[in-house]
């Protein structure tokens, strides 16, 4: 039996951007209080995000809990309370090289391509320029600071939890249609979490669902007792698998189609609106 109006979820999994946060990248008070009440009532809470764990501290600082977090789209499980990486599923240098070769072949005639590599690390105190490296084409017009610049050869020489493929002449869905058909799912998993032209590549079968499933098994929680919230294609596996998958009103159409229900938009505290049925 899936979660209904009388059965409170035992595990709550929420995406961050476009879901738990509002338009100003803040956790609405209503969301924060609903999560706090749920945890006080005995429910487990987890963040499930495409962000690397070093980018979630500004979110955790707005919450009253320090949960285990599913980061890098499920590649890294991070214990926020202990500042410790519990597990990391990585792409090998051989797999990175093959994906880079495919993307270069497809995109070089279409305006070029840039690559970034997210490495596992072990703590938020690790030097950022060692955890996230990019090659020069990626760093052109970068949207943020905090990365090391290396050659493509160096970028693929060490295992990574996530490879980023960037071409801002195209949207992420367009890039996905260009690249994904050429990547063997036994080699790597391709997804995206923003509309800008960036694809996110992880080891095979690495998704947010996998991370949430690990947490559920760890706590002895049945799939039917899990509720998950999200808005982007990298949330689909998680929403489809959970006992109740909830898409935000601002979610992509395919995410809404995969969900059991649609709540109000992220800036209207859509997570809290659902959780308040029980907490």
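Of all residues in segment 90-120, those that are out of contact with any strand residue (DSSP E or B) (no Cβ under 7 Å at 6 or more places or on another chain), under 22 Å from residue 205 (Cα atoms) and not in a helix (DSSP H, G or I) total 1.
Among the criteria (1) over 16 Å from the mean Cα position of the chain (by Cα); (2) closer than 27 Å to residue 39 by Cβ; (3) not in a helix (DSSP H, G or I), the one residue 224 does not fulfil is (3).
The set of residues in segment 236-249 being touching a residue at least 24 places away in the same chain (Cβ under 8 Å) and in contact with a helix residue (DSSP H, G or I) (Cβ under 6 Å, 6 or more places away or on another chain) consists of 237, 238, 240, 241, 243, 246, 248. Within segment 95-122, being out of contact with any helix residue (DSSP H, G or I) (no Cβ under 9 Å at 6 or more places or on another chain) and within 30 Å of residue 217 (Cβ to Cβ) holds for 95, 122.
For segment 102-109, check the following and say yes or no: at least one residue is surrounded by 21 or more Cβ atoms within 10 Å (Cβ to Cβ) and closer than 25 Å to residue 48 by Cβ. Even if it seems obvious, please write down each step before you answer.
In the first step, residues of segment 102-109 are kept if they are surrounded by 21 or more Cβ atoms within 10 Å (Cβ to Cβ); the result is 103, 107.
Keeping just the survivors that are closer than 25 Å to residue 48 by Cβ gives none.
No, that holds for no residue.
With a requirement of 1 or more residues that are without any contact (Cβ under 8 Å) to a residue 12 or more places away in the chain, the helices (runs of 4 or more DSSP H) lying completely within segment 128-217 that satisfy it span 152-155, 172-179. Per the listing 66, 30, the residue uniquely assigned to a helix (DSSP H, G or I), more than 19 Å from residue 243 (Cα to Cα) and in the same structural domain as residue 256 (by TED's automatic domain parsing) is 30. Within segment 76-88, is even one residue assigned to a helix (DSSP H, G or I), under 20 Å from residue 201 (Cβ atoms) and in contact with a strand residue (DSSP E or B) (Cβ under 9 Å, 6 or more places away or on another chain)? Within segment 76-88, none of the residues are assigned to a helix (DSSP H, G or I), under 20 Å from residue 201 (Cβ atoms) and in contact with a strand residue (DSSP E or B) (Cβ under 9 Å, 6 or more places away or on another chain). Looking only at residues in segment 85-94 that are within 16 Å of residue 152 (Cα to Cα) and out of contact with any helix residue (DSSP H, G or I) (no Cβ under 9 Å at 6 or more places or on another chain), the one that is surrounded by the fewest Cβ atoms within 10 Å (Cβ to Cβ) is 94.
For segment 116-127, a residue qualifies if it is surrounded by fewer than 16 Cβ atoms within 10 Å (Cβ to Cβ) and either more than 11 Å from residue 148 (Cα to Cα) or in contact (Cβ under 8 Å) with a residue 60 or more places away in the chain (or both), and the qualifying residues are 122, 123, 125, 126.
Taking residue 29 as the residue in question, decide whether it is modelled with pLDDT of 95 or more, closer than 15 Å to residue 266 by Cα and surrounded by 15 or more Cβ atoms within 10 Å (Cβ to Cβ). When the stated conditions are applied, residue 29 does not pass them.
The values are calculated or read from the model by the stated rules, or taken from the named source; none is laboratory data. Treat the numbers as computed from the prediction; the structure is a model and nothing was measured. Here the Cβ is made from the backbone with ideal geometry for all residues, glycine too, and neighbour counts use every protein chain on show.
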